[in-house]
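The structure's right below; bear with me while I get my questions together.
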Amino acid sequence: MEAKPILGYWHIRGLSEAIRYMLKHIGVDFEDRTYTQGPAPDYDRSAWTDAKDSLGMSFPNLPYFMDGDFKISETMAIAQYIALKYKPEFVGTTLQEKGLVQQLGGVVLDIKNYMSHSCYSPDFNKDRVVQDVKEELPKVVAFLGEKMFLIGDQITWPDFFLFETLEMLEAFQSGSVAEVSTKLVEYRNRIAALSGVAERIAEPRLQWNNTQAKWL
């Protein structure tokens, strides 16, 4: 029997929750391997640092994905690989769509990473982050237009990352997504209802960030 693929990450939502949504939606039976960071004041990371050099990876980092002997790190590369292996249409079907999917992945991850990184800043200001994101999202809304998903009727891997970004924004400040656009509310609800995603949401939720963050 072929071994389950392994998704490795911290015991948080962070960069990997969108990948978990995608794997669940596709129906991939995978091992969700997590590493727990210790509490204050040391925030011990040895669960990961003691393990990373034994994984046989060229570039050990979190998240990582292991598929048999193939091992890869970096968030976008993992999402792209999973899509290409299990659902090639998740990277787009035409050359133009594939280019747009890559662009959208970068755009959405820039927003998500800004939110996440802000949580670790000693000057973290939740209201300022919410306002910054609300000012950035109208460009995404304009691109989405009347489409079901970012590039049309077919969901692609950046949609899972945009969904998680909207989830985080709503966790920051309830009602924020609706304040940007009712289209985003409908879009968020549409993805939340997808098979696999709905089941993941119903599971006990991990915290958003690691223990040293100002907002967990």
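The values are calculated or read from the model by the stated rules, or taken from the named source; none is laboratory data. In this text the structure is predicted, and so the values were computed from the model without any measurement. Here the Cβ positions follow ideal geometry from the backbone for every residue, glycine too, while neighbour counts run over all protein chains shown.
Take the conditions of a type outside the set (Asp, Glu), more than 27 Å from Ile78 (Cα to Cα) and in contact with a helix residue (DSSP H, G or I) (Cβ under 8 Å, 6 or more places away or on another chain) and apply them to Lys126. Does it pass?
Answer is yes for this residue.
Can you name the residue in the range 101-123 that is among the small types (Gly, Ala, Ser) and in contact with a helix residue (DSSP H, G or I) (Cβ under 9 Å, 6 or more places away or on another chain) and, of all such residues, is nearest to Gly14 (Cα to Cα)?
Selected residue: Ser116.
Go through the range 134-186 residue by residue and tally those that are of a type in the set (Lys, Arg) and closer than 16 Å to Lys112 by Cβ.
2
Okay, moving on. Taking interchain pairs and intrachain pairs at least six residues apart, which have beta carbon atoms under 8 angstrom, with the first residue in the range 198-213 and closer than 12 Å to Lys24 by Cα and the second among the aromatic types (Phe, Trp, Tyr)?
Arg200/Tyr21
Related question: If I filter the range 58-85 down to residues being within 20 Å of Ile155 (Cβ to Cβ) and in contact (Cβ under 8 Å) with a residue 24 or more places away in the chain, which single residue comes out as surrounded by the fewest Cβ atoms within 10 Å (Cβ to Cβ)?
Once the filter is applied, the top-ranked residue is Met76.
Could we say that Glu135 is surrounded by 14 or more Cβ atoms within 10 Å (Cβ to Cβ), at pLDDT 95 or above, among the acidic types (Asp, Glu) and not assigned by TED's automatic domain parsing to the domain that holds Gly27 here? Can you show your working first?
Numbers: surrounded by 14 or more Cβ atoms within 10 Å (Cβ to Cβ): no; at pLDDT 95 or above: yes; among the acidic types (Asp, Glu): yes; not assigned by TED's automatic domain parsing to the domain that holds Gly27: yes.
When the stated conditions are applied, Glu135 does not pass them.
Evaluate the range 32-53: report whether one residue or more is of a type outside the set (Ser, Thr, Tyr), under 18 Å from the mean Cα position of the chain (by Cα) and surrounded by 17 or more Cβ atoms within 10 Å (Cβ to Cβ).
no
Can you tell me which residue in the range 108-129 is farthest from Tyr43 (Cα to Cα), limited to those that are of a type in the set (A, V, I, L, M, F, W, C) and surrounded by 18 or more Cβ atoms within 10 Å (Cβ to Cβ)?
Looking at residues that are of a type in the set (A, V, I, L, M, F, W, C) and surrounded by 18 or more Cβ atoms within 10 Å (Cβ to Cβ), I get Val108.
Sticking with this one: Is there a residue in the range 25-47 that is assigned to a helix (DSSP H, G or I), within 22 Å of Thr156 (Cα to Cα) and not assigned by TED's automatic domain parsing to the domain that holds Thr165?
Among the residues of the range 25-47, at least one is assigned to a helix (DSSP H, G or I), within 22 Å of Thr156 (Cα to Cα) and not assigned by TED's automatic domain parsing to the domain that holds Thr165, which makes the answer yes.
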